[in-house]
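The values are calculated or read from the model by the stated rules, or taken from the named source; none is laboratory data. Keep in mind that this is a model prediction, so the values were computed, not measured. Methodologically, a virtual Cβ is constructed for each residue, glycine included, from the backbone with ideal geometry; neighbour enumeration extends over all protein chains shown. Each accessible area value is taken on the protein alone, full model and side chains, heavy atoms only, with ligands, DNA and RNA left out. Shrake-Rupley method; radii C 1.70, N 1.55, O 1.52, S 1.80 Å.
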Amino acid sequence: MTKSTWPKLDDSTMLQRLTFPEGRVRMVLDTDTFNEVDDQFALAYALLSPEKIDLLAVTAAPFFNWNSVSPADGMEKSYKEILNIMQLMDVKNAPPVYKGSSQYMTSHTEPVPSEAADKIIDLALSSNEPLYVVAIGAITNVASAIAKCPEIIHNMVVVWLGPNAYWWPTQKIFNVSQDYQASSLIFDSGVPLVVLPCHGVASHLLTTPYEIDACLRGQNKLGTYFSDMFHGRFTRFGQNKMGWSKVLWDVAAIAWVLNEQWVPSMVRRTPVLNPGFTYSFDDSRHFYKEAIDIDRSLVYMDLFAKLRELPN
């Protein structure tokens with residue numbers, strides 16, 4: 001399917017769909033959970049927020065970096081880590097978990113087959129209520145679902161922790177640059193899209209091993225597990241050095257779903273993602289929404305309080 005033949009939402013419908021959702025939302029979390037340390041927090045946060053989130057499925061996204069030997073290996077490790085987090089939380093009636101793409105997309109017209117993409121399609125078509133697909137990794141699974149069944153854009157909203165702020169000089173950042181075809185498809189497809197920028201917004205979500213230890217270590221199995229991660233289990237970023245801090249990027253996407261006042265956003269015209277991972281702008285394109293700030297204190301107060309409520 002070419003860019004000119006994507007199904008379209010008119011401006012009025014798009015703006016309505018981009019309005020912050022009232023009440024509980026149907027949601028899928030698409031996550032590269034073993035990539036580093038932030039996805040685990042985001043997954044737990046979503047599971048601990050049933051007042052707003054009806055988490056229908058969790059899907060494992062591919063990743064390829066120092067922590068995997070291939071995108072497929074990254075996806076498999078993420079799948080196992082999702083199950084590990086749920087076990088540590090002793091989740092009752094846990095949402096089903098699906099394996100995602102084993103490789104990246106090669107074009108807009110060639111979706112990567114996976115359980116995850118098929119489940120996103122099924123859930124988007126199964127209700128008149130919009131499906132919120134919160135993607136916090138490479139967006140291959142979501143883009144493949146749209147490429148395979150473009151009409152699902154009429155009944156879904158993609159919330160993506162991926163690019164940098166629109167004014168940032170480059171979009172060459174991990175979740176975007178892993179899969180250019182999938183990333184550019186998300187911008188071109190006309191799907192209602194909310195972007196949580198990494199640099200410029202989520203970058204405010206800094207925390208330290210000392211804070212994690214003080215708030216979470218010893219509170220329960222998951223809290224101690226998170227503390228251990230910050231002391232080196234999954235990171236190589238310089239933990240335990242004086243002054244060192246770590247951004248929990250992916251928490252921003254869950255925070256937006258929970259309370260837009262914590263993560264204010266604005267509507268803009270969707271940029272064009274160029275192959276060199278820069279943006280071009282065209283005021284004739286469809287609308288999207290982009291977060292412009294985040295209240296780090298309110299988000300962490302809510303997250304830590306929920307994590308501490310888990311049983312020992």
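Mind grabbing the accessible area of R285 for me, 1.4 Å probe, Å², rounded to tens?
40 Å²
Could you give each residue of the range 59-68 its phi-based ³J(HN,Hα) in whole Hz, using Karplus coefficients 6.51, -1.76, 1.60 with θ = phi - 60°, and x for Gly or Pro?
With coefficients 6.51, -1.76 and 1.60, one gets 10, 8, 9, x, 8, 9, 8, 4, 9, 8 Hz.
List the equivalent ellipsoid semi-axes of the chain in whole Å, largest first, each obtained as the square root of 5λ for an eigenvalue λ of the Cα gyration tensor.
29, 20, 20
Taking just the alpha-carbon atoms of the range 145-200, what radius of gyration and Dmax come out, in angstrom?
11.7, 33
Given a Förster distance of 30 Å, report the FRET efficiency between S127 and Y210 from their Cβ-Cβ distance, rounded to the nearest 0.05.
Taking R0 as 30 Å, the efficiency between S127 and Y210 is 0.10.
Any chance you could look up the accessible area of Y288 with a 1.4 Å probe, heavy atoms only, rounded to 10 Å²?
0 Å²
Sorted by accessible area (1.4 Å probe), largest first, how do R296, R26 line up?
The ordering from most to least exposed comes out as R296, R26.
Got the relative contact order for the chain handy, in percent, Cα pairs under 8 Å and 6 or more residues apart?
About 19 percent, as a whole number.
Keeping every protein chain present and rolling a 1.4 Å probe, give me the accessible area per residue for the range 95-188 in Å².
On a per-residue basis, 33 Å².
For V133, enumerate residues with amide H under 5 Å from its amide H, sequence gap 5+ or separate chain, H modeled in the peptide plane.
Under 5 Å from the amide H of V133 lie the amide H atoms of V28, V157, V158, V159, each far enough along the sequence or on another chain.
For the ranges 154-163, 134-143, what's the packing order if you count other beta-carbon atoms within 10 Å of each residue, average per peptide, and put the highest first?
Descending packing order for the listed peptides: 134-143, 154-163.
As a test of the formula, what do you get for the chain when each DSSP H run with n ≥ 4 contributes -39,500 (n - 2.57) and the sum is divided by the residue count, at 222 nm and rounded to the nearest 500 deg cm²/dmol?
Computed ellipticity for the chain at 222 nm equals -10000 deg cm²/dmol.
Using protein chains only and a probe of 1.4 angstrom, how many square angstrom of S280 are accessible, to the nearest 10?
50 Å²
First compute the accessible area of the chain with a 1.4 Å probe, then give the percent of it belonging to carbon and sulfur atoms.
That fraction is 53 percent.
Provide M14, M301, M266 ordered by accessible surface of protein heavy atoms (probe 1.4 Å), highest first.
Of M14, M301, M266, the descending order of accessible area is M301, M266, M14.
Can you give me the Cα centroid spacing of the range 241-292 and the range 80-103 in angstrom?
After rounding, the separation between the Cα centres reads 26 Å.
Taking H as built 1.01 Å from N, whose amide H comes closer than 5 Å to the amide H of S245, not counting residues under 5 places away?
When sequence neighbours closer than 5 places are left aside, there are no close amide H contacts.
Amide H neighbours of V195 under 5 Å, at least 5 residues apart or on other chains, H built in the peptide plane: list them.
W160, K289, E290, A291
Please list 3J(HN,Hα) in residue order for the range 155-172, calculated via the Karplus relation 6.51 cos²θ - 1.76 cosθ + 1.60 where θ = phi - 60°; whole Hz, with x for glycine and proline.
Along the range 155-172, the couplings run 9, 8, 10, 9, 10, 10, 8, x, x, 8, 4, 4, 8, 5, x, 9, 10, 7 Hz.
Sticking to Cα atoms, compute the Rg of the range 49-103 to one decimal and its Dmax as the biggest Cα-Cα distance, whole number, in Å.
Final numbers for Rg and Dmax: 12.6, 38 Å.
At a threshold of 8 angstrom on Cα-Cα distance, excluding pairs fewer than six apart, so keeping six or more, what relative contact order does the range 23-76 reach in percent?
RCO, the range 23-76: 40 percent.
Could you derive backbone 3J(HN,Hα) for the range 34-39 from the dihedral phi with the Karplus parameters 6.51, -1.76 and 1.60 (θ = phi - 60°), listing whole Hz in sequence and x where the residue is Gly or Pro?
So the J values, rounded to whole Hz, are 9, 4, 8, 10, 7, 4.
How big is the Kirkwood radius of the range 198-312, worked out from every pair of different alpha carbons and given in Å to one decimal?
16.2 Å
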